[in-house]
Amino acid sequence: MDDQIDTLRHQLQTYKDEVNAGKLYQSLGPKLEDLIKEAKIVPPTPVQLPNDDDGIRPLLLQLNDQIQNETLTELRDQDVISLLHHIGSPDPKIRDKGIYFLFNDLIQQHLLTNSQMTMMVRYLSSDSVLFSHIFEPENEAVYQRSFAVLLLSVVIYADRVAYHFLDEDLEAQVVDQFALYILLERDTRGFIGQQGWAHAYTHIGNLLDELSERPRLTRADKLLMLALIIERYKQLDGALIFGEPQRLAGYFSRLTNKNQLYADYFLTQLKRWRQEMIIIQSAETQGVWNRVYNRGRLIEAMIIRHDFNDQIMAYLNSIIDFLA
């Protein structure tokens, strides 16, 4: 895995540098498309899940009771680490209703220190968390990857509106790691039986939205992330049927309305995407038809929003008869 990660990271950084230098624009999409195809699936290996019998349930109960009783004034670093180590739990009562909800409460009530927030960002954006088993067929490591992205969106939002702890270097680390994560994530599952939400592509939309609000990020950085999610979305063989197209449509709308650069690029890629769809539909496979219908659901979600600029809306309405 490390060799693939290093190779893809290096090439993605090269493209980022070229976009920032104004040397790469029109051909960015095709280059990212080829880079995504370079990521090879490898045989599965055992996923090391957290031990949910190590005291995490009593800790969640204790902290939630203290919050409700307004007796919690601070959290030990070790407790923060224990919570983070369980974001990959397959038990939704621990991962989702437990840890995610608890961190929201802790952050809203300003019960975490800036150093603890920094520690969270470093942990959540680390290779071992974001890229765990990411080159393998669908597996249970998706919970850790996906909820790391979700929590990053919450923490970075909190930094923007209240905490103000994120320095330029750490912000850049999040952007670079997240860009690589978008390139690599293939798991399109939404709600999974008794294990609850995976929802990676909804959480990707959350973090894309938040990063689009960061004033320190260059327009080139934001353009690269826009290009990445378009190219990754186009190549997903799984069906996105749990609200992901609607979530991403919201991100596309907000970003393209911020600057004409994004709107122009987005419209160009929509037109290119339609031409590609005409070609690939000749291949009768489940993956191809999932791609066709994923695109259709996204186009429909954008049309229903009706909040893109006039040029994009005119194009969307002109292709409505082409939807699958």
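The values are calculated or read from the model by the stated rules, or taken from the named source; none is laboratory data. In this text the structure is predicted, and so the values were computed from the model without any measurement. Cβ sites come from the backbone with ideal geometry, for glycine too, and all protein chains shown count toward neighbours. In case anyone asks, the SASA skips ligands and DNA or RNA and just uses the protein heavy atoms, side chains included. Shrake-Rupley method; radii C 1.70, N 1.55, O 1.52, S 1.80 Å.
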Taking Cα atoms only, helix 168-184 is inclined relative to the longest principal axis of the chain by an angle, in degrees rounded to 10, of 60
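Taking R0 as 35 Å, what's the FRET efficiency between Asp307 and Asp52 from their Cβ-Cβ distance, rounded to 0.05?
Details: r = 43 Å, r/R0 = 1.22.
Approximately 0.25, to the nearest 0.05.
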Diffing the range 246-261: the Karplus 3J(HN,Hα) column from phi (6.51, -1.76, 1.60, θ = phi - 60°), in whole Hz with x for Gly and Pro, holds 5, 5, 5, 4, x, 5, 4, 5, 5, 5, 5, 7, 7, 7, 5, 4
Rounded to the nearest whole number, the Stokes-Einstein translational diffusion coefficient of the range 101-151 at 10 °C and 1.306 mPa s (Kirkwood radius, C-alpha pairs) in µm²/s is 132
Computed over the chain, protein heavy atoms only, probe 1.4 angstrom, the accessible area per residue in square angstrom equals 45
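Given charges of +1 on the Cβ of Lys and Arg and -1 on the Cβ of Asp and Glu, with all other atoms neutral, how large is the dipole of the chain about its Cα centre, in debye to the nearest 20?
1060
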One checks the Cα atoms of the range 1-126 and finds Rg and Dmax, in Å, of 20.2, 57
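Evaluate the charge dipole of the range 227-314 about its Cα centre and quote only its size in Debye, nearest 20, assuming +1 on the Cβ of each Lys and Arg and -1 on the Cβ of each Asp and Glu. Walk me through the intermediate numbers first.
Details: 12 positive and 9 negative charges, 26 e Å.
Charge dipole of the range 227-314: 120 debye, to the nearest 20.
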So the carbon and sulfur contribution to the accessible area of the range 1-158, 1.4 Å probe, in percent, is 49
Per the Cα gyration tensor, the range 190-324 corresponds to an equivalent ellipsoid with semi-axes, largest first in Å, of 23, 20, 13
Under 5 Å from the placed amide H of Glu138, counting only residues 5+ away or on other chains, we find none
So for the range 68-208, using the alpha carbon gyration tensor with a ≥ b ≥ c as root eigenvalues (a/c under 1.5 gives rounded; past that, a/b versus b/c decides prolate or oblate), I'd call it oblate
Karplus-derived 3J(HN,Hα) from phi for the range 298-307 (6.51 cos²θ - 1.76 cosθ + 1.60, θ = phi - 60°), whole Hz, x at Gly and Pro, runs 5, 4, 4, 4, 6, 5, 5, 4, 6, 10
Relative contact order in percent for the range 31-175 (Cα pairs under 8 Å, 6+ apart) equals 29
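Mind running the shape call on the range 24-68? Use the C-alpha gyration tensor, a ≥ b ≥ c as the square roots of the eigenvalues: rounded below 1.5 for a/c, prolate if a/b tops b/c, oblate otherwise. Can you show the working numbers first?
On the way: a/c = 10.84, a/b = 2.18, b/c = 4.97.
Here the range 24-68 falls in the oblate category.
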Within the range 248-324, DSSP-loop GluC sites (Glu not before Pro) with at most 13 other C-beta atoms within 10 Å are Glu284
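Cα gyration tensor of the range 154-209, axes a ≥ b ≥ c as square roots of the eigenvalues: rounded (a/c below 1.5), prolate (a/b > b/c) or oblate?
Details: a/c = 3.38, a/b = 1.72, b/c = 1.97.
Oblate is the answer for the range 154-209, as a/c is 1.5 or above yet b/c matches or exceeds a/b.
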Karplus-derived 3J(HN,Hα) from phi for the range 82-93 (6.51 cos²θ - 1.76 cosθ + 1.60, θ = phi - 60°), whole Hz, x at Gly and Pro, runs 4, 5, 4, 5, 10, 5, x, 5, x, 8, x, 5
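Translational diffusion coefficient, Stokes-Einstein: compute it for the range 57-120 using the Kirkwood radius over C-alpha pairs as Rh, at 25 °C and 0.890 mPa s, and state it as an integer in µm² s⁻¹.
Numbers: Rh = 11.8 Å.
Once the numbers are plugged in, D ends up at 207 µm²/s.
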Expressed in square angstrom to the nearest 10, the accessible area of Lys222 with a 1.4 Å probe stands at 30
Rg from C-alpha atoms of the range 258-324, normalised by the globular rule of thumb 2.2 N^0.38 Å, equals 1.16
Diffusion coefficient in µm²/s returned for the chain by Stokes-Einstein, Kirkwood Rh over C-alpha pairs, 37 °C and 0.692 mPa s, is 159
For the chain, the longest principal axis of the Cα atoms and the Cα long axis of helix 142-158 enclose an angle in degrees, to the nearest 10, of 80
Counting sequence-distant residues (5 or more places) and residues on other chains, those with an amide H built under 5 Å from that of Trp197 are Ile192
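Let me have the relative contact order for the chain, percent, based on Cα pairs under 8 Å that are six or more residues apart.
Numbers: 351 pairs, mean separation 54.0, N = 324.
Relative contact order for the chain comes out at 17 percent.
Ratio of alpha-carbon Rg to the 2.2 N^0.38 Å globular estimate for the range 125-218, to two decimals, please.
Details: Rg = 13.5 Å, N = 94, 2.2 N^0.38 = 12.4 Å.
Taking the Cα Rg and dividing by 2.2 N^0.38 Å, one obtains 1.09.
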As straight-line cross-link partners of Lys271, the qualifying lysines (C-alpha separation under 18 Å, not fewer than 8 residues apart within one chain) are Lys31, Lys234
